[in-house]
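Below is one structure, written out as structure tokens, with a few remarks after it.
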Protein chains: 2
Amino acid sequence: MLYEECISGGLKMTVQRRIIADCLDEADDHPDVDAIYRRAVEKDSSVSIATVYRTIGIFEKAGLIQPIDIVDSNKRYEVKRERHDHLVDVETGQIHEFKSPSIENLVREIALEMGFDVSDFQLQVYGSKVGGKECPCYRIKVY
Amino acid sequence: MLYEECISGGLKMTVQRRIIADCLDEADDHPDVDAIYRRAVEKDSSVSIATVYRTIGIFEKAGLIQPIDIVDSNKRYEVKRERHDHLVDVETGQIHEFKSPSIENLVREIALEMGFDVSDFQLQVYGSKVGGKECPCYRIKVY
DNA sequence: ATACATGCAAAAATTTTGCGACTCT
DNA sequence: AGAGTCGCAAAATTTTTGCATGTAT
């Protein structure tokens with residue numbers, strides 16, 4: 001739980017931070033700041049958007065959450081876990097997570113050839129269901 | 001040249017679009033909207049920020065330029081060429097480009113296993129020079 | 001000629017901040 | 001008690017838009 005991570009990370013835990021941490025823990029999607037704010041307000045209507053921004057900034061700096069950049073979307077967040085990547089269904093906008101040690105190894109290998117140690121990397125894949133019918137109305141992005 | 005791409009793409013070419021296209025063509029870095037705007041104004045001080053936004057939107061929708069999301073940075077743009085990835089030196093902020101057919105194949109393979117055809121993907125790698133000394137002052141992001 | 005692009009300035013959307021009050025530890 | 005956090009509202013940023021005018025085809 002993010003909440004415990006915060007405490008062991010030495011963060012002062014206020015009710016607001018607890019609420020925001022809970023929202024992030026409970027999210028099975030990848031909410032943006034506004035979505036987190038709306039969910040937090042449901043739990044306690046007094047939570048302010050300023051606190052959400054400040055708290056997300058603190059969680060991020062502490063390495064407890066991870067920002068995700070998806071084309072045609074605001075910046076989203078997820079609780080940091082094992083590193084993994086994202087496959088965006090361009091028909092529906094749905095985001096699928098996946099892991100691939102081979103990609104990870106390959107990335108590190110290539111970076112090393114360039115003389116770099118990898119501290120992190122992010123991979124966003126955009127695609128559509130094999131054999132799926134076209135549905136431009138929901139399409140996020142066509143390349 | 002992006003300029004010619006625009007014409008063959010059937011876009012009405014105004015002097016402003018020409019200027020913005022030139023700025024993008026000439027950029028060897030990865031400018032954000034404001035940087036593009038400032039460079040465009042140098043060529044013709046009457047170019048407005050609204051036109052820069054509108055033009056970038058049009059170029060992007062036409063598939064002529066590519067947005068790049070780098071942590072702790074505004075959205076950046078580059079002229080679309082062969083697909084390639086970005087390695088960000090977290091000490092200096094410098095962005096190196098690289099290509100890797102093996103990563104590309106691997107990504108397509110994994111997506112296919114998940115039942116998806118890949119239309120595009122983006123990979124941003126963050127790292128620091130092997131053996132390089134620490135210099136937190138310029139560090140973009142520490143994970 | 002006319003459909004579309006532009007600049008301007010206002011508006012909308014997003015993010016940050018100063019400050020007095022409040023609350024964890 | 002004291003350092004740090006919160007809500008609020010103002011400010012700063014970033015992005016979009018309406019409209020009268022201008023321009024490429």
Residue list for segment A:18-49, restricted to those being within 16 Å of residue A:80 (Cβ to Cβ) and within 11 Å of DNA strand C (Cβ to nearest atom): A:36
Kindly indicate whether residue B:18 is away from DNA strand D (no atom under 12 Å from the Cβ) and not assigned by TED's automatic domain parsing to the domain that holds residue B:88. no
Which condition number does residue B:41 fail, the rest of (1) away from DNA strand D (no atom under 16 Å from the Cβ); (2) of a type in the set (A, V, I, L, M, F, W, C); (3) modelled with pLDDT of 95 or more; (4) farther than 23 Å from residue A:76 by Cα being met? (1)
Quick one: would you say residue B:71 is part of a loop (DSSP other than H, G, I, E, B), over 15 Å from the mean Cα position of the chain (by Cα) and either surrounded by 17 or more Cβ atoms within 10 Å (Cβ to Cβ) or within 12 Å of DNA strand D (Cβ to nearest atom) (or both)? no
Which residues, counting only those in segment A:14-55, are surrounded by 14 or more Cβ atoms within 10 Å (Cβ to Cβ) and in a loop (DSSP other than H, G, I, E, B)? A:27, A:30, A:31, A:47
Output the residue which, of all residues in segment A:97-117 that are within 20 Å of the chain's Cα centre (by Cα) and surrounded by fewer than 19 Cβ atoms within 10 Å (Cβ to Cβ), is nearest to residue A:29 (Cα to Cα). A:97
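Matching residues to (1) touching a helix residue (DSSP H, G or I) at 6+ places or on another chain (Cβ under 6 Å); (2) without any contact (Cβ under 8 Å) to a residue 40 or more places away in the chain; (3) within 13 Å of DNA strand D (Cβ to nearest atom):
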site: B:36; (1), (2), (3): yes, no, yes
site: B:53; (1), (2), (3): no, yes, yes
site: B:57; (1), (2), (3): no, yes, yes
site: B:64; (1), (2), (3): yes, no, no
site: B:84; (1), (2), (3): no, yes, no
Looking at residue B:131, is it part of a loop (DSSP other than H, G, I, E, B), more than 20 Å from residue A:130 (Cα to Cα) and more than 9 Å from every other protein chain (Cβ to nearest Cβ)? no
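Suppose we filter segment A:4-13 for residues that are part of a helix (DSSP H, G or I) and buried (at least 16 other Cβ atoms within 10 Å of the Cβ); how many remain?
Here the count works out to 2.
The values are calculated or read from the model by the stated rules, or taken from the named source; none is laboratory data. Computed from a prediction, not measured in an experiment: that's the story for all the values here. Quick reminder, even Gly has a Cβ in these numbers, built from the backbone with ideal geometry, and neighbours come from all protein chains shown.
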